[in-house]
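Below is one structure, written out as structure tokens; comments come after it.
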């Protein structure tokens with residue numbers, strides 16, 4: 001075996017290892033300092049229960065797009081916020097980020113929406129998201145490090161889609177026009 005073949009073999013092993021590397025995130029705001037919450041449209045009532053979903057997207061460094069992550073090998077679909085004294089908090093467990101290596105920085109978006117106004121984030125009338133970075137994903141070493149906590153998460157409230165405001169303005173304009181006649 002010559003030096004070029006040996007070098008190619010070593011590069012191949014490292015490339016395969018980097019592709020197989022998977023970082024982990026503890027998708028929960030319970031462990032975040034100050035326990036920041038997600039609030040409903042009024043900005044004061046913490047969201048709770050099955051009428052709301054919270055999910056996470058992570059930026060794929062290769063494509064530059066925000067993509068879904070996995071839980072136990074399947075695409076993660078979202079978590080209903082906790083109820084009672086823990087309203088506004090969520091706990092989705094350990095999620096695997098197949099396209100970001102352990103110990104690497106990850107840009108993430110946490111999204112929340114009212115499922116009674118739309119089944120998906122895209123179709124919901126009441127929704128919002130927050131973007132931030134996680135400095136270092138978990139999952140490196142043997143045994144693997146603990147999943148990264150979403151430490152930079154801050155509170156936010158759901159807001160109506162701009163189209164909701166437009167529809168309300170159109171209705172108000174119609175009422176005013178009707179009243180003038």
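The values are calculated or read from the model by the stated rules, or taken from the named source; none is laboratory data. Small disclaimer: the values here were computed from a predicted structure and weren't measured. For neighbour counting, all protein chains shown are included, and Cβ atoms are generated from backbone atoms with ideal geometry for every residue, glycine included.
Before we move on, is residue 104 more than 12 Å from the chain's Cα centre (by Cα) and either part of a loop (DSSP other than H, G, I, E, B) or farther than 24 Å from residue 141 by Cα (or both)?
Considered against the rule, which asks whether it is more than 12 Å from the chain's Cα centre (by Cα) and either part of a loop (DSSP other than H, G, I, E, B) or farther than 24 Å from residue 141 by Cα (or both), residue 104 comes out as yes.
Is there a residue being under 26 Å from residue 148 (Cβ atoms), in contact with a helix residue (DSSP H, G or I) (Cβ under 8 Å, 6 or more places away or on another chain) and modelled with pLDDT of 95 or more anywhere in the stretch 36-43?
no
Inspect the stretch 55-68 for any residue being in contact with a strand residue (DSSP E or B) (Cβ under 8 Å, 6 or more places away or on another chain) and at pLDDT below 95 and give the result as yes or no.
Checking the stretch 55-68: at least one residue is in contact with a strand residue (DSSP E or B) (Cβ under 8 Å, 6 or more places away or on another chain) and at pLDDT below 95.
Do we find a residue being out of contact with any helix residue (DSSP H, G or I) (no Cβ under 6 Å at 6 or more places or on another chain) and closer than 23 Å to residue 162 by Cβ anywhere in the stretch 91-105?
The answer is no, given that none of the residues of the stretch 91-105 is out of contact with any helix residue (DSSP H, G or I) (no Cβ under 6 Å at 6 or more places or on another chain) and closer than 23 Å to residue 162 by Cβ.
Give just the number: which of (1) in contact with a helix residue (DSSP H, G or I) (Cβ under 8 Å, 6 or more places away or on another chain); (2) modelled with pLDDT of 95 or more does residue 30 not satisfy?
(2)
When residues of the stretch 20-36 are filtered for being in a loop (DSSP other than H, G, I, E, B) and under 21 Å from residue 48 (Cβ atoms), how many remain?
Number satisfying all stated conditions: 7.
Among the residues of the stretch 76-89, are any surrounded by fewer than 16 Cβ atoms within 10 Å (Cβ to Cβ), closer than 24 Å to residue 141 by Cα and more than 12 Å from the chain's Cα centre (by Cα)?
no
Restricting to the stretch 107-125, count the residues that are at pLDDT below 95 and assigned to a strand (DSSP E or B).
Summing the residues that are at pLDDT below 95 and assigned to a strand (DSSP E or B) in the stretch 107-125 gives 0.
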